[in-house]
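Here's the structure we're looking at; comments come further down.
The values are calculated or read from the model by the stated rules, or taken from the named source; none is laboratory data. All of these numbers come straight from a predicted model, not from anything done at the bench. Cβ: placed from backbone, ideal geometry, glycine included. Neighbour counts: every protein chain shown. Surface accessibility is based on the protein's heavy atoms, side chains included, excluding ligands, DNA and RNA. Shrake-Rupley method; radii C 1.70, N 1.55, O 1.52, S 1.80 Å.
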Amino acid sequence: KTECVIRSAYFRATRRYAQWITKQEGVVKETLDIKGLEFKKANFPPVLGKFFKDALIDVLKGANKIEIDERVKEFRKQILSGALPVEQLGNPTSVKALNKYKASSPRAGEMFSKIEKGSPAAVKATIVYNDLLTFWKLNNKHSLIAQGDKIKWVYLKPNPYQIEAISFLDFDFPDKIREFIEQYMDRKKIFDSILKNKLENFYSDLGWTFNLNPYKEMFFNL
């Protein structure tokens, strides 16, 4: 018998697809089946994943390029305007091999540890967080991030400490570090590095052009 009937589908690669199923093994239903697409991964910020999923569903249901462009415009404006909190935009991950990449602790007169070359971005961001927590004497009230902890991390714009990225813990987030991150978080880089390239691939698969130039006002006049 027929395994399933689909109204529409998106196939990114082998075992990476989404399909709108209207009948499965003879039973009429309305089901969205998604497998292997990147926005479902654990290290993808859920708020960005939800946006991508909603856009994908709309395309499967017949939304056109103009409608999706408008959704991208509004969502990017939300991110850049600061409407979304720090916690929602952080890259979720677990910190592994933290001890392996910390070459040495700060010496007298130094603020930050020496970090081994080749250290993963999340590990560097975590070592920086621990050093900043200690430097600001917040480590007596708040937890240092330990190896194996689940953390989130974000990119930063140029700042007085020349920090490129920093981690944080959802359950123990000092106000002073939150304020520092809110002031210097690079929201544009977060959008570009996490979501934009996924959207470019999606547009390309659909035969659409993701070209910011025709939409200069849309994307940059904020």
### Task
Just give me the residues in segment 89-126 being touching a helix residue (DSSP H, G or I) at 6+ places or on another chain (Cβ under 7 Å) and aliphatic (A, V, I, L, M), in sequence order.
L89, V95, A97, L98, M111, I115, V123
### Task
Could you identify the single residue in I163, I181, I177, I151 that is within 30 Å of G109 (Cβ to Cβ) and part of a loop (DSSP other than H, G, I, E, B)?
I163
### Summary
Of the residues in segment 53-97, those that are in contact with a Leu (Cβ under 8 Å, 6 or more places away or on another chain) and open to solvent by 60 Å² or more (accessible area, probe 1.4 Å) come to K77, Q78, S81
### Task
Would you point out the residue of segment 36-45, among those that are out of contact with any helix residue (DSSP H, G or I) (no Cβ under 7 Å at 6 or more places or on another chain) and surrounded by 13 or more Cβ atoms within 10 Å (Cβ to Cβ), that is farthest from L89 (Cα to Cα)?
G36
### Task
Under 6 Å between Cβ atoms, at least 6 apart or on separate chains: pull out the pairs that start in segment 79-99 with a residue that is in contact (Cβ under 8 Å) with a residue 24 or more places away in the chain and end on any residue that is assigned to a helix (DSSP H, G or I) and among the polar types (S, T, N, Q).
L84/Q78; V95/T126
### Query
Does segment 91-127 hold any residues that are touching a strand residue (DSSP E or B) at 6+ places or on another chain (Cβ under 6 Å) and assigned to a loop (DSSP other than H, G, I, E, B), and which are they?
V95, S113, E116
### Task
Could you look through segment 128-141, keep only residues that are part of a helix (DSSP H, G or I) and in contact with a helix residue (DSSP H, G or I) (Cβ under 8 Å, 6 or more places away or on another chain), and pick out the one that is surrounded by the fewest Cβ atoms within 10 Å (Cβ to Cβ)?
L132
## Note on the structure
Subset of segment 10-30, residues polar (S, T, N, Q), closer than 15 Å to V59 by Cα and open to solvent by 30 Å² or more (accessible area, probe 1.4 Å), comes to none
### Among residues of segment 100-150, those that are of a type outside the set (K, R) and either closer than 19 Å to I181 by Cβ or touching a Lys or Arg at 6+ places or on another chain (Cβ under 6 Å) (or both), counted
28
### Query
Among all residue pairs at least 6 apart or on different chains, which show Cβ distances below 8 Å where the first residue, located in segment 7-35, is polar (S, T, N, Q) and the second is open to solvent by 40 Å² or more (accessible area, probe 1.4 Å) and assigned to a loop (DSSP other than H, G, I, E, B)?
S8/K61; S8/G62; Q24/E3
### Query
Is it fair to say Q24 is polar (S, T, N, Q) and farther than 22 Å from D192 by Cα?
yes
#### Entry: Complete set of residues in segment 105-127 that are free of Cβ contacts under 8 Å to residues at least 40 places away in the same chain, farther than 16 Å from L144 by Cα and either open to solvent by less than 50 Å² (accessible area, probe 1.4 Å) or not small (G, A, S) (or both)
R107, E110, K114, I115, E116, K117, S119, P120
